[in-house]
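The values are calculated or read from the model by the stated rules, or taken from the named source; none is laboratory data. Since we're looking at a predicted model, the values are computed, not measured. All Cβ positions, even for glycine, are placed from backbone atoms using ideal geometry, and neighbour counts span all protein chains on display. Just so you know, the surface numbers come from the protein's heavy atoms only, side chains and all, with ligands and any DNA or RNA stripped out. Shrake-Rupley method; radii C 1.70, N 1.55, O 1.52, S 1.80 Å.
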Amino acid sequence: METAVFKFEHDMPVRNYPAPRWTGDEYRALERAAELIRNGELVAFPTETVYGLGGNALDPEAAGKIYAAKGRPSDNPLIVHIADCFEFYRLCSEVPDEAMVLAETFWPGPLTMVLPKSFKVPDVTTGGLGTVAIRMPNSAVAYELIQLSGVPIAAPSANLSGRPSPTRGDHCVRDLDGRIPMILWGEDCKVGIESTIVDLTEETPAILRPGIITPTAISKALGREVIIDPALLVNHKPYGVADGDGLLLEGEKDAPAPRAPGMKYRHYAPKAPMTIFQGEPDDVRRRIETEKAKAEAEGLTAGVILFSDDAFEEAARNLFADLRKMDDEGVDRIFAGALKQSDERGFAVMNRMLKSAGYNVIDV
Ligand code: AMP
Ligand code: MG
């Protein structure tokens, strides 16, 4: 299949600039992409979190194509992207007031809400679940594509399953060229890790996937307690969190199944074996230098991922791109420095970094 790749000059957040002025070429590309979506085809498009691989969320065949193009297991549900809160009433059987509060506070933005699904959402889209995950992304290209399509767009990250999520247009081209009819190449992703997922279907709202919008911010917006899915804490043995803070779950035997099915899969994996070093930043830096020198003495090449101590947002923005760069360079080993997980954004980035490294962590 021939893949049309179109580059935008005018992608931007819609939160602050609601009316982008497209060039004629840009608008025609958006119309073409919307037509593909309406015809049940797939289009990769930018969002502020990571690039999405989109199809008509209400068309079971289109949703099925997404799983096939990515090589994604079919029990891993898709997030449905909308451009107007009105869609709540088409997609959900019930819309709690708290969904509106969170939408007003954080949308368009990197927050996904899980709500009871309506009969209009096909089972393929939700991996057979009775709930649907919904988000309004903060990208002008995404916004216009959804508006012009006239349908909500189901989209997982636009990578091949198991590869790091794409945060730049060229990442999508690399993974999906020849597999889908069109790629919209907009801005580099400003957030860089996937959205926070909050489940609003139970008594107490629960974070199913950590992201840049923190549990504390959600709890503040709702004015009540928010819990963290205990499955998220398994295998996190945080540096920067005092013992007894309830996050030390090393060696937990009966690990609970995550409530976001996708969280159980191997994810974000670079090709080279990756080790995370955690401890005081200076010790970590020295240890990584030593390990790198040791690897090089054995004739191996090593890549280093080391963010400055509290640059959580920069780390989120760059982690996946850095992992892909190491793949492209063909390094033999990857050494990374842990981020402080006592910061909720640090915790969110570490959730991805730990998966990338297969939980291979050394305390220094
Ligand atoms: P991705 O599209 O690659 O960002 O993955 C979407 C994530 O959202 C996966 O981890 C899914 O398991 C999760 N997800 C989607 N729909 C639901 C749902 N209805 N309930 C819980 N988790 C969901
Ligand atoms: Mg993904």
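Assorted remarks:
- A simple rule links phi to the HN-Hα coupling: the Karplus curve 6.51 cos²θ - 1.76 cosθ + 1.60 with θ = phi - 60°, which for the range 141-150 gives 5, 4, 4, 5, 4, 5, 4, 5, 5, x Hz, with x for Gly and Pro.
- Other-chain or far-sequence residues with amide H under 5 Å of residue 197's (modelled H): 112, 208, 209
- Degrees between helix 312-329 axis and first principal axis of the chain (Cα, 0 to 90, nearest 10): 80 degrees
- Relative contact order, whole percent, for the range 1-139 stands at 26, derived from Cα pairs under 8 Å and 6 or more residues apart.
- Residues whose amide H lies under 5 Å from that of residue 309, counting only those 5 or more places away or on a different chain, are absent; hydrogens are built 1.01 Å from N in the peptide plane.
- Estimated translational D of the range 1-123 in µm²/s (Stokes, Kirkwood radius over Cα pairs; 37 °C; 0.692 mPa s): 202 µm²/s
- Diffusion of the range 289-340 by Stokes-Einstein, at 25 °C in a medium of 0.890 mPa s and with Rh set to the Kirkwood radius over alpha-carbon pairs, works out to 209 µm²/s.
- The chain - accessible surface per residue (Å², probe 1.4 Å): 42 Å²
- Accessible-area composition of the range 94-180, carbon plus sulfur, in percent [1.4 Å probe]: 49 percent
- Cα centroid of the range 109-139 to Cα centroid of the range 9-76, whole Å: 16 Å
- By accessible area with a 1.4 Å probe, ligands and nucleic acids excluded, highest first: order of 89, 143, 359: 89, 359, 143
- Positive-end residue of 86, 44, 57, charge dipole of the range 36-95 with Cβ unit charges: 44
- Charging the Cβ of each Asp and Glu at -1 and of each Lys and Arg at +1, and nothing else, the dipole of the chain about its Cα centre rounds to 620 debye.
- Accessible surface of the range 271-364, 1.4 Å probe, proportion on carbon and sulfur as whole %: 43 percent
- ³J(HN,Hα), Karplus 6.51/-1.76/1.60, whole Hz, each residue of the range 107-115, x for Gly, Pro: 9, x, x, x, 10, 10, 10, 9, 9
- Ranking by accessible area, most exposed first, for 259, 135, 209, 21 with a 1.4 Å probe: 21, 259, 209, 135
- Nonpolar atom fraction for the range 35-91, defined as the carbon and sulfur part of the 1.4 Å probe accessible area, stands at 51 percent.
- Relative contact order of the chain, taken over Cα pairs closer than 8 Å and 6 or more residues apart, is 19 percent.
- Along the range 71-78 the Karplus relation, 6.51 cos²θ - 1.76 cosθ + 1.60 evaluated at θ = phi - 60°, assigns HN-Hα couplings of x, 9, x, 7, 8, 9, x, 9 Hz to successive residues, with x for each Gly and Pro.
- The chain: C-alpha pair distances exceeding 32 Å, %: 30 percent
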